[in-house]
Amino acid sequence: MTKIINVIKGTKDILPQDITLWHFMEEKALEIFTKYGYKEIRTPIIEATELFARGVGDTTDIVNKEMYTFEKSDKSITLRPENTAGVVRAFIENGMSRLSAPVKLWYKGPMFRYERPQAGRQRQFHQVGCEMFGIKEPTADAEAILTAVNYLKSLGLNDLTVEINSLGCPTCREEYKNNIKKVLKPYFNDLCEDCQTRYEKNPLRLLDCKVESCKAIFEKDEVKKVINSDFICEECAEHYRELKKYLDKLNVKYCENKLLVRGLDYYNRTVFEIKSNNLGSQNAVCGGGRYDSLVRNLGGDDTPAVGWAMGMERLYSLLEKMEPQKLDGYIVSTNSIEALSFAEELRSKGLNVEFDLQNKKFTKQLEKASKNAKYALILGEDEITNGTVSVKNLSTSIQKTVKRNVVKAEIKNLLKSSHKTMKINDTTVSVKNLSTSIQKTVKRNDVKAGIKG
Ligand code: ATP
Ligand code: MG
């Protein structure tokens, strides 16, 4: 038999049964980021290797160990491991610094890192991210964090932890770096191999180490004292204080983590991560921060910037544990032609509707409706003769028979408002607000106004 060819290690197919949640994440991204004034940008998946060496930094794991790089016509090309560098390149190359600030760009798409595949870590994975250019004030940092939090909320993910820290500016960080080196010197031989390299090249990144024996060293009193010291200069401290003030005002809950330094070289001042307790050890869904020198380092004008990226596979695994999205209605009928045409009619009105293509027994169809839909739309013999339909709310089991030509106009409102129950009769609807328990009966064509009022 011919040998089958498998998917590459660390990559995955996204199958039709998984795609609904992907569409949901993508649609919400467009909806929420648009609200905050972001425009989508799509940059190439391949870029010059130099972009990442200079943009992400040649002391980072990403550039040192994780890039997929190949040579083509004497040019070194890399599959993007992240997209901030690509967006910054496009920003510069397309003269976007001439646009009035802020310039807000968002993206989604695959990233590639040669890492050890494990739960929450793939070699091809997807990120969605936002980058804001041109604003140095901490309002931008606060709004960037708020955008991420509200995107997560729109997906139904509320119980996440926002961690923040300030890395200061290159000037005030210098002394901090030296102090870190000094206090860790006696432990140099106990540090992991990576940390020994970081010690010289980028001592701040030591604090990001996930190796337990290194983490234990950072717990030592004298080391902790340096880590917890207030090393940032007055201007950076003021920026950080302001950010916290805005987050407090916006009711964004956060905790400060002095060990949060982020894996990339380009950050200054604000860094943040959003973590979930439901993800095991790869618990970060979002990482970001301020990168005021990156645009200049890549050849553009001096432009402050702040941004973040989220791992969509990690979002997916959080969403997967939630209730799947149900159909609006499932038509229960032993008359296939009637069911088919009624389904088409409701679909053309924007509802998600299915019926039993195999025309199985009535009870089997009801079972299927209960499993897959919010409402069973029953077309029995009586209903067909009378031009009616029995609408059964599958969560409350309340059933009402209404005229088919009347229900058609109302059913969309009825089904859309899952947080409101409505009682149907021919001319009026009782609308009950489930948070206040206030109920009122209104004319059918006033339902919209009744809900809004
Ligand atoms: P980690 O500490 O988990 O390695 P990171 O700092 O390398 O994360 P970033 O470069 O900040 O990650 O990327 C932002 C987000 O992208 C992460 O918070 C995570 O959700 C996701 N991510 C990063 N690497 C992977 C990967 N190999 N597979 C799946 N998702 C990833
Ligand atoms: Mg990583």
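Scan ASN64, ASN83 and give me the residue that is within 16 Å of ligand 1 (Cβ to nearest atom), at pLDDT 95 or above, within 23 Å of ARG123 (Cα to Cα) and assigned by TED's automatic domain parsing to the domain that holds GLY263.
After applying the criteria, what remains is ASN83.
Is segment 334-347 home to any residue that is under 34 Å from the mean Cα position of the chain (by Cα) and not in a helix (DSSP H, G or I)?
no
Within segment 279-321, which residues are among the β-branched types (Val, Ile, Thr) and in a strand (DSSP E or B)?
Within segment 279-321, VAL285, VAL306 meet the criteria.
Among the listed residues TYR107, TYR114, which satisfies the condition of being in contact (Cβ under 8 Å) with a residue 40 or more places away in the chain, assigned to a loop (DSSP other than H, G, I, E, B) and either in contact with a strand residue (DSSP E or B) (Cβ under 7 Å, 6 or more places away or on another chain) or not assigned by TED's automatic domain parsing to the domain that holds THR303 (or both)?
Among TYR107, TYR114, only TYR114 is in contact (Cβ under 8 Å) with a residue 40 or more places away in the chain, assigned to a loop (DSSP other than H, G, I, E, B) and either in contact with a strand residue (DSSP E or B) (Cβ under 7 Å, 6 or more places away or on another chain) or not assigned by TED's automatic domain parsing to the domain that holds THR303 (or both).
Identify all residues within segment 48-76 that are over 24 Å from ARG116 (Cβ atoms), without any contact (Cβ under 8 Å) to a residue 60 or more places away in the chain and not hydroxyl-bearing (Ser, Thr, Tyr); write none if there are none.
Within segment 48-76, ALA48, GLU50, GLU71, LYS72, ASP74, LYS75 meet the criteria.
Only one residue in GLU222, GLU212 is over 24 Å from ASP61 (Cβ atoms) and more than 16 Å from ligand 2 (Cβ to nearest atom). Which one?
GLU222
Residue check: is GLU131 away from ligand 2 (no atom under 16 Å from the Cβ), of a type in the set (Asp, Glu) and within 21 Å of the chain's Cα centre (by Cα)?
Answer is yes for this residue.
Which pairs have Cβ atoms under 7 Å, sit 6 or more apart or on different chains, and link a residue in segment 121-140 that is under 29 Å from MET67 (Cβ atoms) to one that is of a type in the set (S, T, N, Q) and within 12 Å of ligand 1 (Cβ to nearest atom)?
ARG121/GLN282; GLN122/THR11; ARG123/THR11; GLN124/THR11; GLN127/ASN83; GLY129/ASN83; GLU131/THR84
Condition check ((1) of a type in the set (Lys, Arg); (2) without any contact (Cβ under 8 Å) to a residue 60 or more places away in the chain) across all residues:
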site: THR303; (1), (2): no, no
site: MET310; (1), (2): no, no
site: ARG314; (1), (2): yes, no
site: LYS326; (1), (2): yes, yes
site: SER336; (1), (2): no, yes
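What number of residues in segment 104-124 are surrounded by fewer than 20 Cβ atoms within 10 Å (Cβ to Cβ) and within 13 Å of ligand 2 (Cβ to nearest atom)?
Matching residues across segment 104-124 total 8.
For the structure I just gave you, tell me whether LYS72 is more than 16 Å from ligand 2 (Cβ to nearest atom), modelled with pLDDT under 95, more than 13 Å from GLY300 (Cβ to Cβ) and basic (Lys, Arg).
Spelling it out, LYS72 is indeed more than 16 Å from ligand 2 (Cβ to nearest atom), modelled with pLDDT under 95, more than 13 Å from GLY300 (Cβ to Cβ) and basic (Lys, Arg).
Select from segment 41-60 the residues that are closer than 21 Å to VAL261 by Cα and surrounded by 18 or more Cβ atoms within 10 Å (Cβ to Cβ) and write down the one among them that is nearest to the chain's Cα centre (by Cα).
VAL56
Any residue that is within 16 Å of ligand 2 (Cβ to nearest atom) and touching a strand residue (DSSP E or B) at 6+ places or on another chain (Cβ under 7 Å) - is there at least one of those in segment 87-103?
The answer is no; no qualifying residue exists.
Taking the condition of being over 19 Å from ASP328 (Cα atoms) and touching a Lys or Arg at 6+ places or on another chain (Cβ under 6 Å), how many residues in segment 376-397 meet it?
Matching residues across segment 376-397 total 1.
Which members of segment 38-61 meet the condition of being β-branched (Val, Ile, Thr), at pLDDT below 95 and more than 16 Å from ligand 2 (Cβ to nearest atom)?
Those that are β-branched (Val, Ile, Thr), at pLDDT below 95 and more than 16 Å from ligand 2 (Cβ to nearest atom): none in segment 38-61.
Working carefully through the options LEU157, LEU152, find the one that is part of a helix (DSSP H, G or I), within 27 Å of the chain's Cα centre (by Cα) and of a type outside the set (Lys, Arg).
Just one listed residue meets the conditions, LEU152.
Show me the strands (runs of 3 or more DSSP E) found entirely inside segment 1-100 where at least 1 residues are more than 30 Å from ASN268 (Cβ to Cβ).
68-72, 75-79
If you take the residues in segment 280-328 that are within 14 Å of ligand 2 (Cβ to nearest atom) and over 21 Å from GLU40 (Cα atoms), which one is surrounded by the fewest Cβ atoms within 10 Å (Cβ to Cβ)?
Looking at the filtered set, the residue picked out is SER281.
The values are calculated or read from the model by the stated rules, or taken from the named source; none is laboratory data. Treat the numbers as computed from the prediction; the structure is a model and nothing was measured. Here the Cβ is made from the backbone with ideal geometry for all residues, glycine too, and neighbour counts use every protein chain on show.
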